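The values are calculated or read from the model by the stated rules, or taken from the named source; none is laboratory data. Please read these numbers as outputs of a predicted model, since none were measured by experiment. Please note: Cβ atoms are built from the backbone with ideal geometry, for glycine as well, and neighbour counts cover all protein chains shown. These area figures cover heavy atoms from the full protein model, side chains too; ligands, DNA and RNA do not enter into them. Shrake-Rupley method; radii C 1.70, N 1.55, O 1.52, S 1.80 Å.
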Amino acid sequence: MERKDKIICGILLSQILKNTHGSCWRVGSDSTIVIVARAGPLLASQYVCNIKMGWHWVLLASVLVHSARSDVHGLKTNPDTYKPSWVYKCDPEYGCERSDQPSQGHVNATNVFKSLDLCRTVCGRFGGMWPRPVTASLSQNTIKIHPNSIRFDFRDVPLEAKEILVEMTHITIANLVAECAGNVTDVVATPVVVRLTVKSPSLTLTWDTNEEYYLDVQSKGDIVTVHISAETVYGARHGLETLTHLTASDRPVYSTEQRCGLHILAAATVRDRPAYGHRGLVLDSSRNFMPMVDIKRTIDGMAATKMNVFHWHVTDSHSFPLESKSVPQFTKYGAYSPHELYRTEEVQELIQYAKVRGVRVVIEIDSPAHAGNGWQWGKDYGYGDLAVCVNAESWRQLCIQPPCGQLNPANQAVYRVLRRLYKDIVDLLPKPALFHVGGDEVHLGCWNSSEEIVNYMKHKGLDTDVEGFISLWAEFHSKALQKWDEEILASGGEKQPVLIWSSELTQPGRIQNYLDKDRYIIEVWEPLSSPLLTQLMRLGYKTISIPKDIWYLDHGLWGKTKYSNWRRMYGHLLPREPTVLGGEVALWSEYIDAQALDTRVWPRAAAVGERLWSDLRSGFAAAEPRMQRHRARLLARGLRPDVLTPAWCANHDSRCF
Amino acid sequence: MKCCGETGVRAARSGRGGAAYCARVARLRRALLLLAAAACTAAALLYWRQQTDGSATRPLHNVFSGAEPEWTWLCRNERCERLPAAEMSSLQSLPTCNMLCASTQLWPQPTGPVSLATAAVPVSAAGFALEVIAAPTHDVADHLEDAFSILREDLRTLERQIGDTKRGDIGPAHEVIVRVSVNGSQDVRMRIDTDESYKLSLRPEGSTLVAHITAQSFCGARHGFETLSQLVWLDPYAGSLLILEAATVDDAPRFRYRGLLLDTARNYFPIGEIMRTIDAMAACKLNTFHWHVSDSQSFPLRLKSAPQLAQHGAYGPGAVYTTEEVQAVVRRARLRGIRVLLEVDAPAHVGRAWAWGPQAGLGNLAFCVEVEPWSAYCGEPPCGQLNPRNPHVYEILERIYAEIIELTGVDEIFHLGGDEVSERCWSQYFNDTDPRDLWMDFTRRAMRALERANGGKAPEMTLLWSSRLTRSPYLERLDVKKYGIQVWGASRWPESRAVLDAGFRSVISHVDAWYLDCGFGSWRDSSDGHCGPYRSWQQIYEHRPWVEESSGGPGVGLTGESWRIEGGEACQWSEQLAAGGLDARVWPRAAALAERLWSDRAEGAAADVYLRLDTQRARLRARGVRPAPLWPRWCTHNPHACL
């Protein structure tokens, strides 16, 4: 409200001063003032304006025009000249706002822009950047550039890192072109030289990778010089990403023009580093299949948001779409159809696709629960039952949702088969391989229903009570991890910790007996009210936080779950402890497939992205204009993000609270 | 009627060919045969497994030519079961199993008797031919031809999805001759009194199939085409369209107003999104596209009679609907038995679009436009309300109404909007009059403008949103003969029922059941928003307010007369929805409403409803709509297993 005082009333006063017919009176009983000023025909505008004086004083000011024609039927404007086009004005403190009147022709006043995106790029201390960098100082001026005139200088890049960095710059150019929907029509020759400095030749991406970068943009005369300096290629990639956040097209969203020019801030300095090293997104491609093209688009969105872990929950009891060259039965018996599986070559390509976008792919083969279809062929091949309760009809007794299925820990062939699967995955993943063993929601009733398992437990001297089954469960993980380690070592790698979901097994009192804190990182998906995260921190376990009641993207569609909008997701803070590696946001796909993927994930996942990168204490209101810009950015890059508000609110920052 | 379903394609594949894919054996004989076959298979399998169990394990790879999964579906106990293809000697696809096994797969479920064959024959889109046996006018005949082309185009779209599948040896495609007779209405439009009933019969005659569709109106006949198209499916294994060999369907809707509202003002939707929505509505036999075209946020409708509204009110030149585009929507809808109810909301829910009055010398057409603090003057930002005392307002409204009627051809139903007036806004300017009297006065004058726009005659039913004006003592002052009320309040609010008890014709859109926008939190802060949670398709389906007890018994008002419920409507407001997210938000939930209003079966979301809706979702998908899934694909693959 206070903003209105400054912007509009400034204009209003100047007009009233110019115009001696101005008059003012007070009407009504609730502190309302209406000013009706009669202006000359040139001031054909109406302003609505408010002033905060005490509490809600509302000042309505109308500037009326004497029109020669008052006959309503004589008013038809020629539809051919019709143009409801608007311009956007930046108030540095309050954001961008659409003009009150449709404008004809172009505007050259300062702080007035043809497109909202351009206004947002300039407006505010952090412009249109998402996630917000640690520090930034941005110029208020922009320069028109063209992607064809951008040159990258790799002289300060180690030879080992050059190839991937070149690929990264190709993505940058593509993202810039996307701002103009594929065609930057305004060709300018302004040279843009981007000097890249990378210190480390290493291409590994882990929690220890330094993702820090420094970005500097300067323009002297008719040359734009950009310097991006980083320890690693991944830091440099983030710098390139930020560079695209300093640019915008001048074509309005609802335009019919073909013409499109690309603008960059004339000067900028950005220093930036992430708060958390693990900034992830879980995608479930088992309940419903997600085509590769949709997964890649999701990774595009992650890259735009500087998220760095794609946690691929690729299998579940429903389906097993991940091809294994060594065990073709998994997909033969587990995929929904020949069109709904991920070929090894496609997965390799995806991993590379993610890597050049600074994203590490974590494959999760959930076990021992959440495994069924894909494992039901054991008997036919002489391996016995690899899984039990598979597709059992009385599912309510044997699992939490149909179809049931749990691996058979009594059958040693399971570990042999797992090892062959693990070998294929080790071959796929870049070193050091990050693997997720699942480990959640073991239904003890399922195992208890299997004679083979109960006999095995008796033979091992385990009671068939809760603790006995927990031991069996832990034994499964221990044996499976051993197989994973064997394959890692065989491939020349070193033992690495693996990720595991929180469960009854990870409760304090049990976890110390069963899971080695150097070998397991616990992904805690308990609700916010649960003390587990803090307890595990105290016990010294490394954790990743994914509070289900707030960071699950499928909630609100089913049962009693509740939808969290981006603001609520954004508002949640994680503990700042070295053992809390970061967080993830999750899309489980029971009620979502590729048709609704984007709108479910974006832009809400980006709220978590900024939480994990910037970890700001300021609330969502301050972030909203940048979030609106980021949503537009994702749209320009071919995603289908949900809208946050009516477009009117996007056009009037801070007017809709 | 159900016999030897799963043998249809199998017989064809094994080369017994010809028209007789499926010998009509008695149910018992078939069951016995099946049992025997199953027993043999089981015995063989057991024997084989015993053989293999003893030996060493088989190698994991190189057993198959590849990792290709292939499933076959078998109808057992009226349920389709998924089995690995390797275990069966022949393949049956899921759609074929679903169509031939147990329940019908029609959506919405017809209200009259239905009998369906359980044998299928191959057809092709090109093999469908129309014969108009009777039509009251050339216009009706022309529309039948056009609607039939749509049917054929839908089938062609399905055919194109065959891709490079190998075509099974199932014999040549049969021709389908569709003989249609319309006796009755000469009006092709969906009218409030249109008889939408139809009768469909499909019979083999020699080597061709003959479908007879009889209806009392073009719209009824069109529904018959739609049902006929639901008897056709794509068999991916056969690589061909199949159709049930014979069918009879006798059908008529329970409610005559079956609507879907789309708000294109809070966020703009390109015309293609609207066209696709119309297509999806037609597939579900919804008959009213309620287009909430304008609101305080924007006015995208570019009217010839008042171009200033869009000029000042549209989000941009690329966010307008031209009259040509509206006509294209109307045309598309008309051929699909759908009326377009174009609503320009007034007197509240207006904004910047009306702010040009002073500059044009017309005085203030609207007050409180984008006023702050908004929360004092409207329900959501930005505010704006028409000036009820400015005669120019009514002149402009009259022109808008006349152009809407001309554009849509709908003149027996009209929607004036009329909700959520801020009394405070008006009291600032007119402290001499009770704002609700102003509101009542506005409504009367808008009604007179509508009558003038409609050639001096009031539409049969002029809809108003329920509001404070539709509560006592104002409700009594509204003419029960002229007005209908669209009841959007919660079903348990007393004022929602009072409207029905007072004898008003009504369209039900209860916010607690049929608002599709709820459940996504507030769009202004981090709270839950005003109308959460999300309404699942099951909740939408199970809402039957008309069976609730009222004072005089189920569905009976105070005066002893029955409630005059014309139908219902699902509302998709767009504060938090834009192009790209539309389909998955609306579908298949609006389809659930469609069956509630068409069939109104007393059962709730029973097992067969899940399965039929899943099939309907696949149909929508095939027509290019992007509906959300009902559940994991595994549940589709294993019908009944998730229930």
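Here the condition is being within 13 Å of chain A (Cβ to nearest Cβ), among the small types (Gly, Ala, Ser) and touching a strand residue (DSSP E or B) at 6+ places or on another chain (Cβ under 9 Å); of B:618, B:584, B:590, B:628, it holds for B:618 alone. With respect to residue B:394, determine if the residue is more than 9 Å from chain A (Cβ to nearest Cβ) and buried (at least 23 other Cβ atoms within 10 Å of the Cβ). No: the conditions fail for residue B:394. Out of everything in region B:227-279 that is among the acidic types (Asp, Glu) and surrounded by fewer than 24 Cβ atoms within 10 Å (Cβ to Cβ), what residue ends up being farthest from residue B:601 (Cα to Cα)? Out of the qualifying residues, it is B:273. Only a single criterion out of (1) aliphatic (A, V, I, L, M); (2) assigned to a helix (DSSP H, G or I); (3) more than 27 Å from residue A:322 (Cα to Cα) is not satisfied by residue A:462, namely (2). Among the strands (runs of 3 or more DSSP E) confined to region B:456-516, the ones with at least 2 residues that are in contact (Cβ under 8 Å) with a residue 12 or more places away in the chain, assigned by TED's automatic domain parsing to the domain that holds residue B:436 and farther than 27 Å from residue B:538 by Cβ are located at B:461-465, B:483-487.
When each of B:262, B:242, B:209 is tested for being assigned by TED's automatic domain parsing to the domain that holds residue B:574, of a type outside the set (S, T, N, Q) and not in a loop (DSSP other than H, G, I, E, B), the lone residue that passes is B:262. Evaluated against (1) in a loop (DSSP other than H, G, I, E, B); (2) open to solvent by 10 Å² or more (accessible area, probe 1.4 Å); (3) closer than 29 Å to residue A:181 by Cα, residue A:622 falls short on exactly one condition, (1). The residues on offer are A:632, A:647, A:621, and the sole one that is in contact with a Phe, Trp or Tyr (Cβ under 7 Å, 6 or more places away or on another chain) and either more than 11 Å from chain B (Cβ to nearest Cβ) or modelled with pLDDT under 95 (or both) is A:621.
Candidates are the residues of region B:350-380 that are more than 10 Å from chain A (Cβ to nearest Cβ) and under 18 Å from residue A:651 (Cβ atoms); the one that is farthest from the chain's Cα centre (by Cα) is B:354. In region A:538-565, the residues that are more than 19 Å from residue B:576 (Cβ to Cβ) and open to solvent by 10 Å² or more (accessible area, probe 1.4 Å) form Cβ pairs under 7 Å with partners that are part of a loop (DSSP other than H, G, I, E, B) and polar (S, T, N, Q), at six or more places apart or across chains, as follows: A:540/A:579; A:542/A:579.
Taking the criterion of being touching a helix residue (DSSP H, G or I) at 6+ places or on another chain (Cβ under 8 Å), part of a helix (DSSP H, G or I) and closer than 17 Å to residue B:337 by Cβ, the residues of region B:127-163 that qualify are B:140, B:143, B:144, B:147, B:148, B:150, B:151, B:154. The set of residues in region A:95-154 that are aliphatic (A, V, I, L, M) and over 19 Å from residue A:213 (Cα atoms) comprises A:107, A:109, A:112, A:116, A:118, A:122, A:143, A:145, A:150. Only one entry in B:420, B:395 is part of a helix (DSSP H, G or I) and farther than 23 Å from residue B:338 by Cα, namely B:395. Residues in region A:601-619 that are part of a helix (DSSP H, G or I) and either aromatic (Phe, Trp, Tyr) or under 10 Å from the mean Cα position of the chain (by Cα) (or both): A:601, A:604, A:605, A:606, A:607, A:608, A:609, A:610, A:613.
Residue count for region B:320-331 satisfying the condition of being open to solvent by less than 10 Å² (accessible area, probe 1.4 Å) and among the charged types (D, E, K, R): 0. Residues considered: B:185, B:207. Of these, the only one that is at pLDDT below 95 and touching a His at 6+ places or on another chain (Cβ under 7 Å) is B:207. Taking region A:392-423 as the range and being charged (D, E, K, R) and assigned to a helix (DSSP H, G or I) as the test, the residues that pass are A:396, A:416, A:419, A:420, A:423.
Okay, residues lined up against (1) touching a helix residue (DSSP H, G or I) at 6+ places or on another chain (Cβ under 6 Å); (2) open to solvent by 10 Å² or more (accessible area, probe 1.4 Å); (3) assigned to a helix (DSSP H, G or I); (4) in the same structural domain as residue B:409 (by TED's automatic domain parsing):
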| residue | (1), (2), (3), (4) |
| --- | --- |
| B:281 | no, no, yes, yes |
| B:285 | yes, no, no, yes |
| B:290 | no, no, no, yes |
| B:299 | yes, no, no, yes |
| B:305 | yes, yes, no, yes |
| B:310 | no, no, yes, yes |
| B:318 | no, yes, no, yes |
| B:333 | yes, no, yes, yes |
| B:337 | yes, no, no, yes |
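Among the helices (runs of 4 or more DSSP H) confined to region B:560-641, the ones with at least 3 residues that are in contact with a Phe, Trp or Tyr (Cβ under 8 Å, 6 or more places away or on another chain) and in contact (Cβ under 8 Å) with a residue 12 or more places away in the chain are located at B:589-598, B:607-622.
Residues that are acidic (Asp, Glu) and within 16 Å of residue A:639 (Cβ to Cβ) were ranked within region A:279-306; the one that is most open to solvent (accessible area, probe 1.4 Å) is A:300. The residue pairs whose first member lies in region B:287-301 and is without any contact (Cβ under 8 Å) to a residue 40 or more places away in the chain, whose second member is β-branched (Val, Ile, Thr) and assigned to a loop (DSSP other than H, G, I, E, B), and whose beta carbons are closer than 8 Å, counting only pairs six or more residues apart or on different chains, are B:300/B:264; B:300/B:320.
The residues of region B:370-389 that are in a loop (DSSP other than H, G, I, E, B) and in contact with a strand residue (DSSP E or B) (Cβ under 9 Å, 6 or more places away or on another chain), listed by number, are B:370, B:371, B:372, B:373, B:377, B:378, B:379, B:381, B:382, B:383, B:384, B:387.
From the residues in region A:586-600 that are polar (S, T, N, Q) and assigned to a loop (DSSP other than H, G, I, E, B), which one is farthest from the other protein chains (Cβ to nearest Cβ)? Looking at the filtered set, the residue picked out is A:589. Within region A:446-479, the set of residues being of a type in the set (Gly, Ala, Ser) and exposed (fewer than 15 other Cβ atoms within 10 Å of the Cβ) comprises A:461, A:478. Taking region B:83-103 as the range and being open to solvent by less than 30 Å² (accessible area, probe 1.4 Å) and touching a residue at least 60 places away in the same chain (Cβ under 8 Å) as the test, the residues that pass are B:90, B:91, B:92, B:93, B:94, B:96, B:97, B:99, B:100, B:101, B:102.
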